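The values are calculated or read from the model by the stated rules, or taken from the named source; none is laboratory data. Every value quoted in this text rests on a predicted model; they were computed, and no experiment measured them. All Cβ positions, even for glycine, are placed from backbone atoms using ideal geometry, and neighbour counts span all protein chains on display.
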Amino acid sequence: MAEDTEDETREDGVEGEEGEEEAKKGGLKKMILFIGLPVILVILAGVAGALFFLGGGEEEVVAEGEHGEAHGEASADGHGDGHAEEEAHLAELFRFEEPLIVDMSGPDNRSVLLEVQIALAYSDHDVGEMLAREDVQMLLRDEYVEFFRALRVEDIDGSTGSHRIRMELIRRTNLVLAPKTVDGVLLPSFVMQQ
């Protein structure tokens, strides 16, 4: 019987040692999980941030170099590449000299004064010639004033309102200039006084 109790004690001791080893292994796994994983994540975030802030400059330099070579400079006989001429026209803007001042109806039928500066972006040289004509400018201004007077203050609020206004101005401009079209409408100044 004494031997049975000694065997049981030895077995309990062996099981206790194995339990302690498993507990140590489990503690080590938890320590790796709670300390090592956040450290790895911080290091990865640092590397990603460094690549983001330091890596963008080379692409711009390469892109500029490729455009210069791909589109070509003016040749010795004075003729340039057609793409270079087309790119030069993409950045052309027509800006109305006077801002539009429109009286709108606001909440509770109060008067709201709207002052808008409009610029038109175009790539076709013929559009620029049309926009330089005073009669075309008057037609466009009338279209714009009619559109803004029909708006409510609620229609203008937010980025969605701004997008809708630009799309409608493009549509009205293209109706006046048909068959020519503008590429975009810019609103450099948009002031509302209630």
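In the stretch 121-159, which residues are β-branched (Val, Ile, Thr) and either in contact with an Asp or Glu (Cβ under 9 Å, 6 or more places away or on another chain) or without any contact (Cβ under 8 Å) to a residue 12 or more places away in the chain (or both)?
We begin by selecting, within the stretch 121-159, every residue β-branched (Val, Ile, Thr); these are 127, 136, 145, 153, 156.
Selection gives 127 alone.
Of the residues 171, 149, which is out of contact with any Lys or Arg (no Cβ under 9 Å at 6 or more places or on another chain), surrounded by 11 or more Cβ atoms within 10 Å (Cβ to Cβ), at pLDDT below 90 and basic (Lys, Arg)?
149
Which residue, of 108, 103, is in contact (Cβ under 8 Å) with a residue 24 or more places away in the chain and either loosely packed, with under 13 Cβ neighbours inside 10 Å or farther than 15 Å from residue 186 by Cα (or both)?
103
Kindly provide the set of residues from the stretch 148-159 that are within 27 Å of the chain's Cα centre (by Cα) and assigned to a helix (DSSP H, G or I), ordered by number.
148, 153, 154, 155, 156, 158, 159
Return yes when residue 131 is buried (at least 17 other Cβ atoms within 10 Å of the Cβ), in contact with a helix residue (DSSP H, G or I) (Cβ under 6 Å, 6 or more places away or on another chain) and under 15 Å from residue 178 (Cα atoms) and no when it is not.
no
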